[in-house]
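In what follows, a single structure is set out as structure tokens and then discussed.
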Amino acid sequence: MSMGERILQFFQLAAIAIVLISCYQIVHPFIPAILFAMVVCISTWPLYLRLRRALWEKPALASLLMILLLIMLVIIPSALLAVNLADNVTATFDIIKVSLERGPIKPPAWL
């Protein structure tokens, strides 16, 4: 193998490494969501198969029902949590405001 072929091979490997690193950097923020989707898919697959059998072997209808069930199981509790947190933000802000107005906490007497 000549020196020119080795240099060409090195640049090809470097280009592949750059592409792989770039792909990883693009996908990296989405890895937790992808893993969560995998867990949900694997854990609900038996339920999907039961629904499909119960709905006369119609995969489109079973898929639609599964999507609606998963939306109810994920989106609705998340929305309720967001509303609850939003209600408590003002109370937390008021507590922080009062404690800042009082000034710093006095040290214990033994200090």
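Listed conditions (1) under 25 Å from the mean Cα position of the chain (by Cα); (2) among the polar types (S, T, N, Q); (3) surrounded by 10 or more Cβ atoms within 10 Å (Cβ to Cβ) are all met by SER43, apart from (3).
Looking at VAL74, VAL19, which one is in a helix (DSSP H, G or I), surrounded by 10 or more Cβ atoms within 10 Å (Cβ to Cβ) and under 17 Å from the mean Cα position of the chain (by Cα)? First the steps, then the outcome.
Values: VAL19 fails: under 17 Å from the mean Cα position of the chain (by Cα).
Just one listed residue meets the conditions, VAL74.
Read-outs throughout are calculated quantities, based only on the coordinates presented, and are distinct from any laboratory measurement. No experiment lies behind these values; they were computed from the predicted model shown. Methodologically, a virtual Cβ is constructed for each residue, glycine included, from the backbone with ideal geometry; neighbour enumeration extends over all protein chains shown.
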